[in-house]
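The values are calculated or read from the model by the stated rules, or taken from the named source; none is laboratory data. This is a predicted model, so every value here is computed, not measured. Neighbour counts run over all protein chains shown; Cβ positions are idealised from the backbone, glycine included. The area values use the complete protein model at the heavy-atom level, side chains included, leaving out ligands, DNA and RNA. Shrake-Rupley method; radii C 1.70, N 1.55, O 1.52, S 1.80 Å.
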Amino acid sequence: MTWPMLFGVLSLMTFQLVDSAFIGQLGRDPLAALGFTLPMQQLIIGLQVGLGIATTAIISRTLGTGDELRAFRLGGLVITVGSTLVFVLCVGLWLLQSLIMSALRADDSVLPLVRSYWLPWLLSAWIGALLYFGYSICRSHGDTKLPGYMMVVTSLSNIALDPLYIFVFDWGLPGAALATTTSFGIGCLFIYQKLLKRGWARFDLRELALGRALKQLNSIMAPAMVSQLMPPASAMLATAMVAGFGSAAVAAWGLGTRLEFFSIVVVLALTMSMPPMIGRMLGAGDIEQIRKLVRLAVRFIVAWQLAIGLLWLVGSGLVSDLFSSDRQVQDLLGAYLVRVPLSYSGLGVCMLMVSICNALGLAMRALLVSTLRLFLCFLPMLWLGSQLNGIHGLMSGALVGNLFAGIMAYSFYRTGMKQLRQDISGSGKA
């Protein structure tokens, strides 16, 4: 179940990196404009991933009871609720763009570029959310191959359209968003055709007990969504801190963030594939097997992400030259790659622990881990580092904060597992 999602997520991260490379050739200000949209992008992704977690849990559980018709209607409900929520969020971001840019301390030179990019980017974000909800329904039915393949196809088409839209048609920065809109639109046409053909999404919602269904959806979605919305809130505060060091710093930080998404692709795939496995083991009461599986995954993530961090360190000079033509951005991106990626093992462990706690039914513990990671470990270290050594100290603070977060998250997971084992043992005796 992990391999198709691994290749799919890897292809998504690849096209985002290619996007950044093309935009980097346009100059410093377009890169900075892109950097200012990343926290908003994480906000939208947080909403859709929170709903995706609830979708996978509820539909797979309903299928397990044998009530296929209800599962199909729940699929239609997820698409309806999800598309409406993301649309409302996109409209709100469009109306509040000036206020948001002011809060993020964007330079006046960047604002015209942000305004030209904002609308096509929001359109691509909404269509991307629709596509993601289709993927979530497929995963809940046990099909990871179709979403994985479609992620690869849409990413390759995006990469092919980028130079055409950005340079040949001379649409510049908005062209990157329009290329994404076109690719995701093609993906939606294909994935929804398959969903409707298989009957996995039905829209006769009047036959569904809407009140109970929405309550069931919200019980998992709300804490998961709040947990997913923590990173964009943190990213906004971090971007505001970085903006104090100029547009070159924002551009480098934005590129570094995209490289981070690419670097943790294996972790993201595991967070999608492990919860169904853990859910089945939990249903069977096999806590010891869950413990062994998680321990294996944690060891793998620590070793893998440390290797990734060392690769970025060795290739920092080459990579920074590739992604920007601006000397100052190149220097700052090189400084980022020497420091922050070495902490991706801690970040990966933290992300996996949040996913596992949700799968174990410990949603509030997962939310607590997400909150403490950002507001106790990450942001305070950024601020402290910036006070001690400017932008380079801020990047060192990110390294320390991520490592602390990984240690904290694993300790919270172990405490939760101990309590869960006691609860199951107590109910067994009863």
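Add -39500 (n - 2.57) for each DSSP H run of 4 or more in the chain, then divide by its residues: what number comes out at 222 nm, to the nearest 500 deg cm²/dmol?
About -30000 deg cm²/dmol.
Considering the alpha-carbon set of segment 11-79 alone, what are its Rg and its Dmax in angstrom?
Expressed in Å, the Cα Rg and Dmax of segment 11-79 come to 18.6, 56.
For residue 415 and residue 310, compute 0.36 nm times the residue count separating them, minus their Cα-Cα distance, and round to one decimal in nm.
Stretched fully, the residue 415-residue 310 segment lengthens by 34.6 nm.
Ranked from highest to lowest mean number of other Cβ atoms within 10 Å per residue, what is the order of the peptides 266-274, 287-295?
Highest-to-lowest ranking by the protection proxy: 266-274, 287-295.
How much of the accessible area of the chain, probe 1.4 Å, is carbon plus sulfur, in whole percent?
Summing carbon and sulfur atoms, their accessible area is 67 percent of the total for the chain.
If you average the alpha carbon positions of segment 269-345 and of segment 129-196, how far apart do those two centres end up, in angstrom?
Distance between centres, Cα-based: 24 Å.
Can you bin segment 319-377 into rounded, prolate or oblate? Criterion: square roots of the alpha carbon gyration tensor eigenvalues sorted a ≥ b ≥ c, rounded for a/c under 1.5, prolate for a/b above b/c, oblate for the rest.
Prolate.
What order do you get for 100-112, 120-132 when each peptide is scored by the mean count of other beta carbon atoms within 10 Å, highest first?
120-132, 100-112
Per residue and in cubic angstrom, what volume does the convex hull of the Cα atoms of segment 1-117 have?
Taking the convex hull of the Cα positions in segment 1-117, it is 115 Å³ per residue.
Restricting things to alpha carbons, tell me how big segment 1-44 is in terms of Rg and Dmax, in Å.
13.1, 41
Report the full-extension gain for the segment residue 387 to residue 215: residue separation times 0.36 nm, less the Cα-Cα distance, to one decimal in nm.
Full extension from residue 387 to residue 215 adds 57.3 nm.
Taking only pairs that are 8 or more places apart or on different chains, how many Lys pairs in the chain have Cα atoms under 17 angstrom apart?
The number of close lysine pairs in the chain is 4.
So how far apart, in nm, are the two label points at residue 164 and residue 190 if each is 7 Å from Cα heading toward Cβ?
About 1.5 nm separates the two model spin labels.
Given labels modelled 7 Å from the Cα in the Cβ direction, how far is it in nm from residue 84 to residue 105?
That separation, rounded to one decimal, is 4.0 nm.
What ranking, highest mean first, results for peptides 85-94, 252-261 when packing means the other Cβ atoms within 10 Å averaged over each residue?
252-261, 85-94
Less than 15 Å Cβ to Cβ from residue 333, Lys/Arg counted +1 and Asp/Glu -1: what total charge do the surrounding residues give?
0
Residue separation times 0.36 nm, minus the C-alpha to C-alpha distance between residue 293 and residue 207: what's the value?
The span from residue 293 to residue 207 would gain 26.9 nm if fully extended.
Provide, in order from the shortest bin, the percent of all Cα-Cα pairs of segment 276-430 in each 10 Å bin, continuing until the bin that contains the maximum pair distance.
Percent of pairs per bin, in order: 11, 32, 29, 17, 9, 3, 0.
If you work out semi-axes √(5λ) of the Cα gyration tensor in Å from the coordinates, which of [x] 34, 27, 19; [y] 42, 24, 17; [z] 38, 25, 19 do you get?
Comparing each candidate, only [x] matches the computed number.
With the alpha-carbon atoms as the only input, what is the per residue convex hull volume for segment 285-362 in Å³?
Hull volume normalised by residue count: 89 Å³.
How tilted is helix 287-314 with respect to the longest principal axis of the chain? Cα atoms for both, answer in degrees (0 to 90, nearest 10).
Approximately 10 degrees, to the nearest ten.
Taking only protein heavy atoms into account and a 1.4 Å probe, give the accessible area per residue of the chain in Å².
41 Å²
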